[in-house]
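Engineer: Sharing a structure with you now.
None of the figures in this text is laboratory data; all of them are computed from the coordinates on show. Because the structure is a prediction, the values reported are computed rather than measured. When we count neighbours, we look across all protein chains shown, and the Cβ atoms used for this are built from the backbone with ideal geometry, even at glycine.
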Amino acid sequence: MISLLKGTLISKAGNAIILDVNGVGFSVHVSGKVRDNLPAAGETFSVITYLDVKENSLMLFGFHDEREREMFKMLISVSGISAKTAHTILVHASFEDILGLIANKTFTGIKIPGIGPKKIEMISLALKDKVFKINADIGGIMESAAGNRDTDVPRLEALTALMNLGYQRADAEKIIREVLKNNPGENLGTEDLIKKSLNFISRV
């Protein structure tokens, strides 16, 4: 499996790049976040990748970070969502947007070619348990901010989402506490809490 490529950026066209790695040119279909942060041609560049193997083809997809790759892998696990469709989603929607889709079955102000309401609902139903499932071993982790169950549930769901995306429990708890401390008095729902947590992580 090709998990990462580092080489010289030869060209970029649309949502694909060609990367020269020790004299071999790799064509990589990249996410929107990678596309928007590409260096100039001729510069050294590294990208996290996923190799999609089909009977008659091999396609490389590139991601900004491990979380994007994991989201891609989750998307292609959904029946009817091909690697190309998952790539299209990641071209037009950020990681946080997709979490919002899973939570609320909708994109706000984002249009994705070939992705209509029925497919959005299908993705949400298929992935919500994977991202937001509350495991028995973390049932008593979070402390109530003010004895309010409406606050506890989003915190616990956000904690579970971060853990399922690879964060250690202690780190996830610390992130959520910092977000809540920085947003006093706000009644944050699960989606808002996850988005603010991911934004906090990106600034650290």
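Engineer: Please give the FRET efficiency for Ile110 paired with Ala170, using the beta carbon to beta carbon distance and R0 = 45 Å, rounded to the nearest 0.05.
Structural biologist: Working: r = 33 Å, r/R0 = 0.74.
Rounded to the nearest 0.05, the efficiency is 0.85.
Engineer: If I model a spin label as a point 7 Å beyond the Cα along the Cα-Cβ vector, how far apart are those points for Val24 and Ala40 in nm?
Structural biologist: Each label point lies 7 Å from its Cα, and together they span 2.9 nm.
Engineer: Right, next: Taking every eigenvalue of the Cα gyration tensor of region 66-132, multiplying by 5 and rooting it, what semi-axes result, largest first, whole Å?
Structural biologist: 14, 13, 12
Engineer: I'd like the Karplus ³J(HN,Hα) series for region 155-160: coefficients 6.51, -1.76, 1.60, θ = phi - 60°, whole numbers in Hz, and an x wherever there's a Gly or Pro.
Structural biologist: Rounded to whole hertz, the list is 5, 5, 5, 5, 4, 4.
Engineer: What is the Å³ per residue value for the convex hull set by the Cα atoms of region 4-63?
Structural biologist: Values: hull volume 4.7 nm³, N = 60.
Enclosed volume per residue, from the Cα hull, is 78 Å³.
Engineer: Then there's this: Apply the Karplus parameterisation 6.51 cos²θ - 1.76 cosθ + 1.60, with θ equal to phi minus 60°, to every residue of region 34-42 and state each ³J(HN,Hα) to the nearest whole Hz, in sequence, with x for glycine and proline.
Structural biologist: Taking θ as phi minus 60°, the curve returns 5, 3, 6, 10, 6, x, 6, 4, x Hz for region 34-42.
Engineer: Lys118 versus Lys6, label points 7 Å from Cα toward the beta carbon: distance in nm?
Structural biologist: Placing both labels 7 Å beyond Cα along the Cβ direction yields 4.7 nm.
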